[in-house]
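The values are calculated or read from the model by the stated rules, or taken from the named source; none is laboratory data. None of these values were measured; they are calculated from a predicted model. Cβ placement follows ideal geometry from the backbone for every residue including glycine, while neighbour counts extend to all protein chains displayed.
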Amino acid sequence: MDFELSPDHKVLQSSVRDFVEKEVKPLAIQIDENHKIPDELIQKISALGLLGSFIPEVYGGAGLDILSYALVVEEVSKACASSGVLISAHTSLACDPILHFGTESQKQKFLPPLAAGGKIGSFLLTEPEAGSDVANMATMYRKDGDGFIINGNKIFVTNGGFRGTGILFASIDRNLKHKGISAFIVDLESEGVEILRNENKLGIRGSFTTSFSINNLKVPAENLLGSEGQGFKIAMETLNGGRIGIAAQALGIAEGAFERALAYSKERKQFGHPISELQSIQFKLADMYTRIETSRLIVYRSAWLKENKKSYAVESAMCKLHASETATYVTKEAIQIHGGYGYVTEYEVERMYRDAKITEIYEGTSEIQRLIISKALLS
Amino acid sequence: MKILVCVKQVPDMESRFKVNSEGVWYDEKDLAFKLNEYDEFALEQAVRVKEQLGNTVDITVLSIGPDRVVEAIKKGLAMGGDRGIHIKDDHPWQKDPWQIASVIAAFARDKNFDLVFTGLQSQDRGSAQVGGILAELLGFACATTLVAFELNGDLVTVRQELDGGMCAILKFKLPAVVTCQMGLNTPRYPTLPNIMKARQKELLAFPVTNFIGPKNLAATERMYLPEKKGHGLVLEGDVNEVADRLVGVLKEKTTVLR
């Protein structure tokens, strides 16, 4: 049993950390305020290969493992959760299902531009009336010659505003419930795909959260992902993997806030002493650090399980549950340690608190994670 | 052309240092280590030479130290080095700069290197001696504290940073050892595909005893944390008067104003 990162993982971690310190961290406040990640930063992220971490080299990726991907998302999210979720949603929710369920020609066609960042990936599953209850979806498809025609509405699509490559889910017959759902690879610049709006949000404000109206979108037969009726399985398996990315994002947010709180507690003097000498602050720091380190163990372990093709659905639910609740807890306490300054934008922990909350919601709420874990225990 | 880049792994300088039990070095336990910053400039310049001259250039990245220094070598390979040499030594800090340079020279002597890049100094010991001694031992030309580097054929032209804001241009022929200063270049970030490719590159390890050299010329007697100095100077009073006093202090005690 070895709890150390390998030298290769450490090289990756330190390289991404250097990049984030110099290129991402100085922009984090601006990204939040402008509700936009600058195009130049996305180009730098693409050029570094952060969008193709575990895509095999034959499809233009780096060919690294799932743990490397988790380390990338963690490091980026320490400084900027909006940039972290761009990478996470792109990789877990668009690249991964193509990699696992796509045909060879689909992989050759769609993965290279995704790995290079020419196309940003997204996942069009949620609808106004179908959130956690995926099988209730109202987006419908019908056959049209060799291909398909799709109509409906999708909401809360992370990265949707880039109009890149989307994995779109639709049903052929609502009475079939989850058995009627299929998945399609779509170009979001196609005719019939209309952006209704990009949401204004509490946190991850630099990330697009997009609503789409899909009107008579024509999808060629070769863009069906997997087989007809396999969509629900594709969605669920993709989300199992996606949870590792979101857990890594949550871990990074918590670490970013903790680093600031720890440093501030040593600098800030009250009553003639640094506040880190007060037990009330010391106990906060101990609790924050303990939750972060237990999150790290379970996030890395889930990545290892997925990489080694072992069953990981329960672990990925646990790692997302624990890391996301750790992120909201740690960022809240980081504000408390900062006192009034923590409430001010410049000190950044208020942004991290806002950014953390979504990790308890997207890609399966904490309640859904508890459902997955308890079902497995009791089945 | 064969290039050697000598790199060191040093603690993150933001760490909290403690003196070790022998009292002559810092305690390495609980420290996070990274590639010496000056050596990143050395690696970057070597890779630029390779980009200039093409694949006839072969870059060897060498480091002396315990197993953890493999991370520094691998970073060098991910930046563009072709092969790595790890000279295993669990206590490199017990060797003085003369011995470290002697070990490198013993490795390099029969390898026909044309150009050796290294950092101006390490961030932990800061002796700035290894490059110079290595050049002497190999009989190579030497230039230190480079802020610009140019290679034409076997002629090297460099700009050297000197004290007092002065610079000097030096010209010399290969073979040479050069030590690199901040400002020489902006080191690239290793890309993920190159980090992956670095895993396939040759990385040979040798015990330091293979390169056993001379005894040390100097030994560290004691290492300690200096006592904390007094607090900063706080100027108070009328703004104009404070500004005049500040200008006076800057002229008197710093080189910011003359």
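Given the conditions (1) within 15 Å of the chain's Cα centre (by Cα); (2) more than 14 Å from chain A (Cβ to nearest Cβ); (3) touching a residue at least 24 places away in the same chain (Cβ under 8 Å), report the number of the one that B:Gly126 does not fulfil.
Among (1) within 15 Å of the chain's Cα centre (by Cα); (2) more than 14 Å from chain A (Cβ to nearest Cβ); (3) touching a residue at least 24 places away in the same chain (Cβ under 8 Å), B:Gly126 violates only (3).
Just give me the residues in region A:12-67 being under 22 Å from A:Ala94 (Cβ atoms) and among the aromatic types (Phe, Trp, Tyr), in sequence order.
Passing the criteria: A:Phe54, A:Tyr59.
Which one of these is closer than 20 Å to A:Val76 by Cα and not polar (S, T, N, Q): A:Tyr300, A:Tyr264?
Exactly one of A:Tyr300, A:Tyr264 is closer than 20 Å to A:Val76 by Cα and not polar (S, T, N, Q), namely A:Tyr300.
This table checks each residue for (1) in contact (Cβ under 8 Å) with a residue 40 or more places away in the chain; (2) more than 14 Å from chain A (Cβ to nearest Cβ).
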position	(1), (2)
B:Leu137	no, yes
B:Val147	no, yes
B:Asp163	no, yes
B:Val177	yes, yes
B:Pro193	no, no
B:Glu202	yes, yes
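Can B:Arg222 be described as under 30 Å from B:Trp98 (Cβ atoms), in a loop (DSSP other than H, G, I, E, B) and either among the basic types (Lys, Arg) or away from chain A (no Cβ under 14 Å) (or both)?
yes
If a residue has to be within 14 Å of chain A (Cβ to nearest Cβ) and either closer than 26 Å to B:Arg222 by Cβ or part of a helix (DSSP H, G or I) (or both) to count, how many in region B:48-103 make the cut?
15
Name the one entry in A:Leu251, A:Leu305 that is in contact with an Asp or Glu (Cβ under 7 Å, 6 or more places away or on another chain), surrounded by fewer than 21 Cβ atoms within 10 Å (Cβ to Cβ) and either of a type outside the set (Lys, Arg) or part of a helix (DSSP H, G or I) (or both).
It is A:Leu305.
Under the condition of being of a type outside the set (A, V, I, L, M, F, W, C) and part of a loop (DSSP other than H, G, I, E, B), which residue from region B:127-143 is farthest from B:Pro175 (Cα to Cα)?
First pass over region B:127-143, keeping only residues of a type outside the set (A, V, I, L, M, F, W, C): B:127, B:129, B:131-132, B:136, B:139.
Imposing the further condition that a residue be part of a loop (DSSP other than H, G, I, E, B) reduces the set to B:127, B:129, B:139.
On the way: B:Ser127: 23, B:Gln129: 19, B:Gly139: 9 Å.
Here the answer is B:Ser127.
Given (1) away from chain B (no Cβ under 11 Å); (2) part of a helix (DSSP H, G or I); (3) in contact (Cβ under 8 Å) with a residue 60 or more places away in the chain, where does A:Lys36 come up short, assuming only one miss?
Going through the list (1) away from chain B (no Cβ under 11 Å); (2) part of a helix (DSSP H, G or I); (3) in contact (Cβ under 8 Å) with a residue 60 or more places away in the chain, A:Lys36 breaks only (2).
Within region A:60-82, which residues are more than 10 Å from chain B (Cβ to nearest Cβ), under 18 Å from A:Tyr312 (Cβ atoms) and not acidic (Asp, Glu)?
Passing the criteria: A:Ile66, A:Leu67, A:Ala70, A:Leu71, A:Val73.
Being surrounded by fewer than 21 Cβ atoms within 10 Å (Cβ to Cβ) and closer than 25 Å to B:Asn185 by Cα is the filter here, so list the residues in region B:55-79 that pass it.
Selection gives B:Asn55, B:Thr56, B:Val57, B:Asp58.
Sort through A:Lys22, A:Lys10 and tell me the only one that's within 10 Å of chain B (Cβ to nearest Cβ), part of a helix (DSSP H, G or I) and surrounded by fewer than 16 Cβ atoms within 10 Å (Cβ to Cβ).
Answer to the check: A:Lys22.
Residues B:Val116, B:Val147, B:Val103: which one is β-branched (Val, Ile, Thr), out of contact with any Ser or Thr (no Cβ under 7 Å at 6 or more places or on another chain) and surrounded by fewer than 19 Cβ atoms within 10 Å (Cβ to Cβ)? Quick ask: steps written out before the conclusion?
Working: B:Val116 fails: surrounded by fewer than 19 Cβ atoms within 10 Å (Cβ to Cβ); B:Val103 fails: surrounded by fewer than 19 Cβ atoms within 10 Å (Cβ to Cβ).
It is B:Val147.
How many residues are farther than 19 Å from B:Arg48 by Cβ, more than 20 Å from the chain's Cα centre (by Cα) and part of a helix (DSSP H, G or I) when one looks only at region B:159-218?
9
Exactly one of these conditions fails for B:Glu28: (1) touching a residue at least 40 places away in the same chain (Cβ under 8 Å); (2) away from chain A (no Cβ under 14 Å). Give me its number.
(1)
May I ask you to verify whether A:Glu189 is surrounded by fewer than 19 Cβ atoms within 10 Å (Cβ to Cβ), in contact with a strand residue (DSSP E or B) (Cβ under 7 Å, 6 or more places away or on another chain) and not assigned by TED's automatic domain parsing to the domain that holds A:Ile37?
no
Looking at region A:47-59, which of the residues that are facing chain B (nearest Cβ under 10 Å) and assigned to a helix (DSSP H, G or I) is farthest from the chain's Cα centre (by Cα)?
A:Glu57
What residue, among those in region A:351-379 that are farther than 14 Å from A:Ala250 by Cα and buried (at least 20 other Cβ atoms within 10 Å of the Cβ), is farthest from the chain's Cα centre (by Cα)? Can you show your working first?
Within region A:351-379, the first condition is being farther than 14 Å from A:Ala250 by Cα, and the residues that meet it are A:367-379.
This time we only want the ones that are buried (at least 20 other Cβ atoms within 10 Å of the Cβ), so: A:369, A:372.
On the way: A:Gln369: 15, A:Ile372: 19 Å.
Once the filter is applied, the top-ranked residue is A:Ile372.
Can you name the residue in region A:108-132 that is within 20 Å of the chain's Cα centre (by Cα) and either more than 30 Å from A:Glu57 (Cβ to Cβ) or among the charged types (D, E, K, R) (or both) and is also surrounded by the most Cβ atoms within 10 Å (Cβ to Cβ) among such residues?
A:Lys119
Scan region A:199-249 residue by residue and report those that are in the same structural domain as A:Asp146 (by TED's automatic domain parsing) and within 21 Å of A:Met352 (Cα to Cα).
If the condition is that a residue be in the same structural domain as A:Asp146 (by TED's automatic domain parsing) and within 21 Å of A:Met352 (Cα to Cα), then A:Glu199, A:Asn200, A:Lys201, A:Leu202, A:Gly203, A:Ile204, A:Arg205, A:Gly206, A:Ser207, A:Phe208, A:Thr209 are the ones that fit.
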